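Just below is one structure, and these are the notes that go with it.
Just so you know, all these numbers are worked out from the coordinates, no wet-lab data involved. No experiment lies behind these values; they were computed from the predicted model shown. Cβ atoms come from the backbone with ideal geometry, glycine included; neighbour counts cover every protein chain shown.
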Protein chains: 2
Amino acid sequence: MAVTIAEVARRAGVSKSTVSRYLNGLYDHMGVDTKERIAQVIAELDYRPNALARSLKQKRTHTVGAIVANILNPFSTSIIRGIEDTLNEAGFNLILCNADDDPAKERDYVNMLVDKQIDGLIINTTGCNNELIAQVNQTIPIVLIDRKASDITIDTVTVDSAKGVRQAIDHLVALGHAGIAMLTLPYDHVSPRLERVQAYQAALAVHNLAFREEWLVQTSMEDEVILSKLHALLDGEVTADKPTSIFCANNMITMSVVKAIKQMGVTIPKEIAVLGFDDWEWAQLIDPPVTVVAQPVYDMGNKAADLLIKRIKGGRSSKKPITILFEPQLLKRKSCGE
Amino acid sequence: MAVTIAEVARRAGVSKSTVSRYLNGLYDHMGVDTKERIAQVIAELDYRPNALARSLKQKRTHTVGAIVANILNPFSTSIIRGIEDTLNEAGFNLILCNADDDPAKERDYVNMLVDKQIDGLIINTTGCNNELIAQVNQTIPIVLIDRKASDITIDTVTVDSAKGVRQAIDHLVALGHAGIAMLTLPYDHVSPRLERVQAYQAALAVHNLAFREEWLVQTSMEDEVILSKLHALLDGEVTADKPTSIFCANNMITMSVVKAIKQMGVTIPKEIAVLGFDDWEWAQLIDPPVTVVAQPVYDMGNKAADLLIKRIKGGRSSKKPITILFEPQLLKRKSCGE
DNA sequence: CTGAAAGCGCTAACAG
DNA sequence: CTGTTAGCGCTTTCAG
């Protein structure tokens, strides 16, 4: 049996209330001797208050939950570091969950976290649990990160995808690429994916390049799938009918595309240029170093946590939901030619 | 105010006990009508039991904590995925924490998790909180992953570092390398680091290669530091006095070393070979693809969770602590020459 | 088959 | 300056 506050009180010869006050730093008007006695007993018994009991009473857990889409993605882990640091500084604990881009898992995690009475929630959402999220947000502050939720208004921290894509396409065009294909994961419910596809089309139009349906390819993450999609794209007979560059909608795609292209024995950038959205630490070690549109992920994590803490402290009656847009930045490396 | 079990009971016209039984699936001897009425009220009110209250009473949270050393390391995230999957399957929740290789953070997380009454704990420890860990382990099952804790016996899941290093050195020697340097992070408290250093020395001996103090270099992760250490190692005048290969003790070091070497304008593997401990998804995309000793990280996560669950269910009186050793595997790529 | 009552470990009025 | 009391929301004997 773990030692409880009652035991501490008994040994110190005081009441539970007094010990409780001590624990909560309310020793303004506490007898110095009492204080010392309690401190000593606590040290002796190595007493630690039960956080469950405390939270049950206080109705605050000082804990926030964060659900990321895919923890294997460096994008997620950088965001996590940002969230974590800000939270720690403010004295909040973090419960981290990995939805694995699975709506069912996401739903379960949201529920689990709510059940555990978290004070707030940060989600990189699959986009398939909007009703649930909206409902939870009535009671518990939620901040969405990276991905917006359509049809519901919740605090959101994300990046200006349109601007990033525009920089990417401009760069490719400037380097003489007229055939620009795009590879993306299914963009049904994931806002940045959709935005990037739309921005891609818009940017092509700006440069008077025709949008080719077959050059906007939707893929899954399986290596074989990506490989076959690339074969379809690049194995045409007529040179004029092949794209000379590929824009990848996120870093996981970029990595897989580079891997597949190498496997095909095609040279980057000579035969095909590659440009990706999202930077990651090892992008520059790749052969050739990959040109990317970088997002300030760590800062985004910071900001999301910041916003959430304000909501938690401000009470439910705060202000209207806001959206914070970060600026993307094109990092020119070697994968798009000169 | 969130809806409570009392409210559900009131509306369903039954007692709290009955609702509680329903919630816990104890409807063996429950009136079908009662059951349905409760189900309906719960659905109507969208009632969710307060996990804090429940756990406070039950003294079980169905939650385990995991503390990793560095969440930015793909090694950690793969382990996490392994832990997660096994835990989910068994109906346990996971609270994930990132100690950032900081003993103080680790200590705080351990305490936080204990306070939250977790049922078990998995730690990739800094090695600097052994007393605390041993103490907690008296009450709550702990499984160490990757890194052992010296002087205390706790369930541990790790890899046979010695064997891995041996494979690495054998490979380098087979390719004609007689000058083999090693780069490692400080190995004071981190068991695999120490083991790898020792195995490195042992393997050199086996091949009758002299151990050179100045070729075993301890570094921090800062780019500049690594760069300067490499300069010191490789800028010697006399060719005979420079190592022809570098063995990196883990993946973070490997990445940084590759980055630094490229920055120096030195060619891998022609001028210097590189071999790393730990594989990661993009190692093969690097120029040149890096030869590594891979660990079955996902499986290790699985196993650690598995072991922990058994301990949790088996009660504290289980058997003696055990150590599970996984087999490393050399993945030959291009960074060590032919 | 169901209810009453006690209590998990803590906090928070309210007294004194 | 400190103690008494009454819960937080749930589970769990023990009756009936």
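When you filter the trypsin sites (Lys or Arg not before Pro) in the range B:259-319 for DSSP loop state and at most 12 other Cβ atoms inside 10 Å of their Cβ, you are left with B:270, B:316, B:319.
Relative to the longest principal axis of the C-alpha atoms of chain B, give the angle of the C-alpha long axis of helix B:74-89, reported between 0 and 90° and rounded to the nearest 10°. Its long axis makes an angle of about 30 degrees. Distance cut-off 30 Å, Cα to Cα: go down the list B:105/B:332; A:334/B:229; B:148/B:313 and report the pairs above it. Over 30 Å Cα-Cα: B:105/B:332.
Sites listed here are GluC sites (Glu not before Pro) in the range A:189-223 whose DSSP assignment is loop and whose Cβ has at most 14 other Cβ atoms within 10 Å: A:222.
The label point for residue B:2 and the one for residue A:232, both projected 7 Å from the Cα toward the Cβ, are 4.7 nm apart. Residues whose amide H lies under 5 Å from that of residue A:324, counting only those 5 or more places away or on a different chain, are A:156, A:157, A:158; hydrogens are built 1.01 Å from N in the peptide plane.
Please compute the contact order of the range B:172-300 in relative form: average sequence separation of alpha-carbon pairs under 8 Å and at least six residues apart, divided by the residue count, as a percent. Don't skip to the end; give the middle numbers.
Numbers: 168 pairs, mean separation 31.0, N = 129.
Averaging sequence separation for qualifying contacts and normalising by length gives 24 percent for the range B:172-300.
The range A:156-236: which trypsin sites (Lys or Arg not before Pro) are DSSP loop and have at most 15 other beta-carbon atoms within 10 angstrom? Walk me through the intermediate numbers first.
Working: sites: A:163, A:166, A:193, A:196, A:212, A:229; in loops: A:212.
Qualifying residues, ordered by number: A:212.
Annotation: Cα Rg of chain A relative to the compact-globule expectation 2.2 N^0.38 Å equals 1.28.
Using bins of 10 Å that start at zero, the share of Cα-Cα pairs per bin across the range B:24-121 amounts to 13, 31, 28, 16, 9, 2, in whole %. Any idea what the relative contact order of chain B is, in percent, if you count C-alpha pairs under 8 Å spaced at least 6 apart? The value is 19 percent.
With a ≥ b ≥ c the root eigenvalues of the C-alpha gyration tensor of the protein assembly as shown, is it rounded (a/c under 1.5), prolate (a/b larger than b/c) or oblate? It comes out oblate by the Cα gyration axes. Here the relative contact order of the range A:51-150, from alpha carbon pairs under 8 Å that lie six or more residues apart, stands at 32 percent. Within the shell defined by Cβ-Cβ distances under 10 Å, the residues around residue A:284 carry a net charge of +2, with Lys and Arg each +1 and Asp and Glu each -1. The convex hull around the C-alpha trace of the range B:165-276, projected and averaged over every direction, spans 6.3 square nanometres.
If you restrict to DSSP beta bridges whose two residues both lie in the protein assembly as shown, what percentage is antiparallel, to the nearest 5? Antiparallel: roughly 10 percent of the beta bridges in the protein assembly as shown.
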